[in-house]
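Participant: After the structure tokens below, expect a handful of questions from me.
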Amino acid sequence: MSVKVLYETSAIATGGRDGTAKTLDGALEVNLSTPKELGGAGGSGNNPEQLFAAGYAACFIGAMKAVAAQRSDLKLPADVTVESTVGIGPRSEGGFGLEVALKITVPGLDKAVAEELVAAAHDVCPYSNATRNNIDVQLTVA
């Protein structure tokens, strides 16, 4: 499979989970800290799972917008939300793994139509495609 790249970005991390990460263009810079649940001190820094959760939620809304734009009978409300929960823990096969739960709220849209939209968005979302058959992703339409 090849991808026709339309946009790319680069980031650099220093110090791992207790360091810093920033994009090379300077648009994003975060301090990182390991959560207490993973043996760290916690603190005010972010962690990779938080960044992944935020990115997946935003990207999924973008996928929903792209799907809705292809349909003349569907207007996606401006206040649609995606709550993304990312969990990390040891895998039975060894190493660590992730799981994701997306809770999608589409105010004013019939639930059956919203579920159809979410299923279609899950088929086109780059994060969904990157995680498919590798990370358990649960979709819930609220």
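Participant: Subtracting the Cα-Cα distance from 0.36 nm times the residue separation, let me have the gained length for Val113 to Glu29 in nm, one decimal.
Facilitator: Answer, rounded to one decimal: 26.4 nm.
Participant: Now for a separate question. Show the residues, 5+ positions off or on another chain, whose built amide H is closer than 5 Å to the amide H of Gly97.
Facilitator: Amide H to amide H, under 5 Å and 5 or more residues apart or across chains, Gly97 pairs with Gly89, Arg91.
Participant: Continuing with the same structure: Work out from phi, with θ = phi - 60° and the Karplus expression 6.51 cos²θ - 1.76 cosθ + 1.60, the ³J(HN,Hα) of each residue of the stretch 4-17, listed in order in whole Hz, and give x for Gly and Pro.
Facilitator: Listing the rounded values in order: 7, 5, 9, 7, 8, 9, 10, 9, 10, 10, 10, x, x, 5 Hz.
Participant: Now for a separate question. With θ set to phi - 60° and the Karplus curve 6.51 cos²θ - 1.76 cosθ + 1.60, what are the ³J(HN,Hα) couplings of the stretch 64-78 in order, to the nearest whole Hz, using x for Gly and Pro?
Facilitator: Values per residue, Gly and Pro as x: 4, 4, 5, 5, 4, 5, 7, 10, 6, 8, 10, 10, 7, x, 5 Hz.
Participant: Rounding to the nearest 10 and keeping the result within 0 to 90°, find how far the Cα-based axis of helix 111-124 lies from the longest principal axis of the chain.
Facilitator: Taking the Cα atoms of the chain, the angle to 111-124 is about 50 degrees.
Participant: Counting each DSSP H run of 4 or more residues in the chain as -39500 (n - 2.57), what helix-only mean residue ellipticity at 222 nm follows after dividing by all residues, to the nearest 500 deg cm²/dmol?
Facilitator: For the chain, the value works out to -9500 deg cm²/dmol.
Participant: Would you mind working out the magnitude of the charge dipole of the stretch 11-116 relative to its Cα centre, with +1 at each Lys and Arg C-beta and -1 at each Asp and Glu C-beta, to the nearest 20 Debye?
Facilitator: 80 debye
Participant: Right, next: Taking the Cα of Leu6, stepping 7 Å toward and past its beta carbon, and measuring to each backbone N in the stretch 87-131: which are under 17 Å?
Facilitator: So the set is 121-130.
Participant: Convex hull over the Cα atoms of the chain, averaged projected area in nm²?
Facilitator: That works out to 10.9 nm².
Participant: In the stretch 124-141, whose amide N lies under 17 Å from the spot 7 Å out along Cα-to-Cβ of Leu51? List them in ranges.
Facilitator: Residues 127 fall inside that zone.
Participant: Largest first, please: the extent of the C-alpha atoms of the stretch 3-58 along each principal axis, to the nearest Å.
Facilitator: 41, 22, 17 Å, listed from the longest principal axis down.
Participant: Let me ask something additional. Over the stretch 1-115, calculate the relative contact order: mean separation of alpha carbon pairs under 8 Å at least 6 apart, over the residue count, as a percent.
Facilitator: Once normalised by length, the contact order is 14 percent.
Participant: Work out, step by step, the length gained on full extension between Ala58 and Arg91: first 0.36 nm times the residue separation, then minus their alpha carbon distance; give nm to one decimal.
Facilitator: Stretched out fully, the Ala58 to Arg91 stretch lengthens by 9.2 nm.
Participant: Roughly how many percent of the accessible protein surface of the stretch 79-122 is carbon and sulfur, given a 1.4 Å probe and a whole-percent answer?
Facilitator: Ligands and nucleic acids excluded, carbon and sulfur give 53 percent.
Participant: Averaged per residue, what accessible area in Å² does the chain show with a 1.4 Å probe, protein chains only?
Facilitator: 65 Å²
The values are calculated or read from the model by the stated rules, or taken from the named source; none is laboratory data. In this text the structure is predicted, and so the values were computed from the model without any measurement. Note that each Cβ is placed from the backbone with ideal geometry, even for glycine, and that neighbours are counted across all protein chains shown. Surface accessibility is based on the protein's heavy atoms, side chains included, excluding ligands, DNA and RNA. Shrake-Rupley method; radii C 1.70, N 1.55, O 1.52, S 1.80 Å.
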